[in-house]
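Here's the structure we're looking at; comments come further down.
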Amino acid sequence: MKFSAQEEYGLRCLVALAREGEGGFLTIPEISRREGLTPSHVAKLLSILRKAGYVKSTRGQLGGYSLGKEPNDLLVKNILRALGGRLYGEGFCERHSGILPECVHGSDCMLRPLWSSVQSAVDHALEGLTVADILAGTIENGKLNVQGSRQRLAVSTAS
């Protein structure tokens with residue numbers, strides 16, 4: 001399983017903006033330099049994030065992009081959904097039907113429960129995780145344990 005570059009880079013752009021603090025803003029070229037991305041790619045990502053309400057844009061000489069919400073209100077699972085969708089959800093079977101218009105396993109699919117379980121696990125792992133949590137550096141590799149919606153992360157100390 002993998003996440004797309006669009007999701008990775010989109011989150012990186014949001015984190016770059018969040019680092020600027022309240023009222024801070026960055027231009028496309030500034031984000032491009034900081035993140036090592038082309039200006040056109042940053043512009044595309046910021047357009048997606050603006051349409052979803054995660055960033056605001058200001059035109060003019062002193063213009064740029066800023067967060068559209070507080071970092072505590074920017075849920076990672078919703079941002080990922082806006083940038084690339086879910087791993088498994090509506091239309092999955094239609095998109096993976098092979099050369100036929102419909103999947104040959106429409107009513108007796110043995111894989112559907114697997115993909116649904118994987119999506120549920122991802123949703124559970126991301127539940128309540130915000131851009132503020134990313135900024136705080138409280139996420140430890142392989143030890144994410146989120147305790148309910150909108151609560152702080154509890155990093156697992158068990159091995």
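Bear in mind these aren't lab numbers, they're just calculated from the coordinates by the rules spelled out. What you see is a predicted model, and the numbers here were worked out from it, not measured in a lab. Glycine also receives a Cβ, built like all others from the backbone with ideal geometry; neighbour counts cover every protein chain displayed.
Here are some notes:
- With the charge dipole of the chain set up from +1 on Lys and Arg Cβ and -1 on Asp and Glu Cβ about the Cα centre, the Cα lying farthest toward the positive end among the listed residues S40, L80, S120 is that of S40.
- Annotation: amide H-H contacts under 5 Å for Y88 (H modelled 1.01 Å from N, sequence separation of 5 or more, or interchain): none.
- Percent RCO, i.e. relative contact order, over the chain, from Cα pairs under 8 Å lying at least 6 residues apart: 20
- Per-residue Karplus couplings for segment 75-91, computed as 6.51 cos²θ - 1.76 cosθ + 1.60 with θ equal to phi - 60°, are listed in order as 6, 4, 4, 6, 5, 4, 4, 5, 7, x, x, 9, 5, 9, x, 3, x Hz, Gly and Pro entered as x.
- Three-way shape call for segment 5-67 based on the alpha-carbon gyration tensor, with the a/c threshold at 1.5: rounded
- Exposure proxy order (Cβ contacts within 10 Å, fewest to most) of E30, E22, E140: E22, E140, E30
- Theoretical ellipticity at 222 nm over the chain - DSSP helices of four or more residues, -39500 (n - 2.57) apiece, nearest 500: -13000 deg cm²/dmol
- Two-site FRET efficiency, L135 against E90, from Cβ-Cβ distance with R₀ of 25 Å, rounded to 0.05: 0.20
- Each of A125 and R34 was given a label point 7 Å from its Cα along the Cα-to-Cβ line. The distance between the two points is 2.7 nm.
- Among (i) 2, 10, 20, 23, 21, 15, 7, 2, 0, 0; (ii) 1, 8, 16, 17, 17, 13, 11, 8, 6, 2, 1, 0; (iii) 2, 9, 16, 23, 23, 17, 8, 2, 0, the entry derived from the coordinates for P(r) over Cα pairs in 5 Å bins from 0, in percent: (ii)
- Selection of trypsin sites (Lys or Arg not before Pro), segment 1-67, meeting DSSP coil and at most 14 other Cβ within 10 Å: K2, R59
- Backbone amide hydrogens, once placed in the peptide plane, bring V55 within less than 5 Å of R50, G68, excluding anything fewer than 5 places away on its chain.
- For segment 36-137, the list of GluC sites (Glu not before Pro) that fall in a loop by DSSP and count at most 10 other C-beta atoms within 10 angstrom reads E90, E102.
- Overall, the anisotropy analysis places segment 32-76 in the oblate class: the square-rooted eigenvalues a ≥ b ≥ c of its C-alpha gyration tensor yield a/c not less than 1.5, with a/b not exceeding b/c.
- Packing-based exposure ordering (other Cβ within 10 Å, fewest first) of S57, S32: S57, S32
- Size of charge dipole - the chain - debye, nearest 20, with Cβ of Lys, Arg +1 and Asp, Glu -1, no other charges: 380
- 3J(HN,Hα) along segment 111-124: 8, 3, x, 5, 5, 5, 5, 4, 4, 4, 5, 5, 4, 5 Hz, from the Karplus curve 6.51 cos²θ - 1.76 cosθ + 1.60 with θ = phi - 60°, whole Hz, x for Gly and Pro.
- Acute angle (nearest 10 degrees) that the helix 39-51 long axis makes with the longest principal axis of the chain, alpha-carbon atoms: 70
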